[in-house]
Amino acid sequence: MTSQNEVPEPTVDHESGESEFLHAETTRVIIGAFYALHNELGFGFLEAVYANGLAVLLRNAGYRVDREVEFNIEFHGEIIGRYRADLIVDDKVIVETKCARTLDPLHSAQLLNYLRASGLAVGLVLNFGHSAEIKRVVSTRRGPRSIKASRIV
């Protein structure tokens with residue numbers, strides 16, 4: 001059994017070449033778009049520039065992309081916080097963009113909490129720093145029973 005933030009090694013169907021990672025095809029396309037954008041723009045722009053560029057590439061590839069999706073965090077029936085996901089792709093994958101020297105474990109922890117709160121299982125932290133970095137985060141459990149998130153529409 002793996003913990004909530006450990007990702008098991010994927011099994012691969014050698015006839016089809018398909019991975020059993022959850023939302024593998026979607027994350028593969030997102031990562032490809034990330035590298036294409038990083039190669040074309042380089043580093044040094046604000047996170048919003050990269051997030052908007054990523055949204056353009058993914059929409060052009062036929063994916064539904066929502067930007068700055070807000071969630072309320074409720075505790076014992078009261079709203080105690082709000083967060084915004086940079087991108088949600090096809091209502092499956094949360095994408096958080098960063099422009100940092102390097103990814104920090106706190107970035108993954110933040111995304112893990114977003115996943116737990118939103119009820120989604122897969123997320124990517126994409127760092128558009130000097131060196132391109134990716135962290136795939138998977139939540140195998142939902143948030144505590146006393147905490148509930150609701151998407152603000």
| request: Determine if the range 123-132 includes at least one residue that is of a type in the set (A, V, I, L, M) and in contact with a His (Cβ under 7 Å, 6 or more places away or on another chain). | output: yes
| task | Within the range 73-89, track down each residue that is surrounded by fewer than 16 Cβ atoms within 10 Å (Cβ to Cβ) and either at pLDDT 95 or above or not aromatic (F, W, Y) (or both). | result | H76, G77, E78, I79, I80, G81, R82, R84
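From R116, R67, grab the single residue that is basic (K, R) and at pLDDT below 90.
Result of the check over R116, R67: R116.
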| note | Reported set for the range 8-50 where residues are exposed (fewer than 14 other Cβ atoms within 10 Å of the Cβ) and modelled with pLDDT under 50 is P8, E9, P10, T11, V12, D13, H14, E15, S16, G17, E18
| query | What number of residues within the range 93-119 satisfy the criterion of being crowded, with 18+ Cβ neighbours inside 10 Å and among the basic types (K, R)? | reply | 2
| field | Hits in the range 23-53 (condition: in contact with a Ser or Thr (Cβ under 7 Å, 6 or more places away or on another chain), in contact (Cβ under 8 Å) with a residue 60 or more places away in the chain and not charged (D, E, K, R)) | value | Y50
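The values are calculated or read from the model by the stated rules, or taken from the named source; none is laboratory data. Here the structure is a predicted model, which is why all the values come from computation and not from measurement. In this analysis, Cβ positions are derived from the backbone assuming ideal geometry, glycine residues included, and neighbour counts consider all displayed protein chains.
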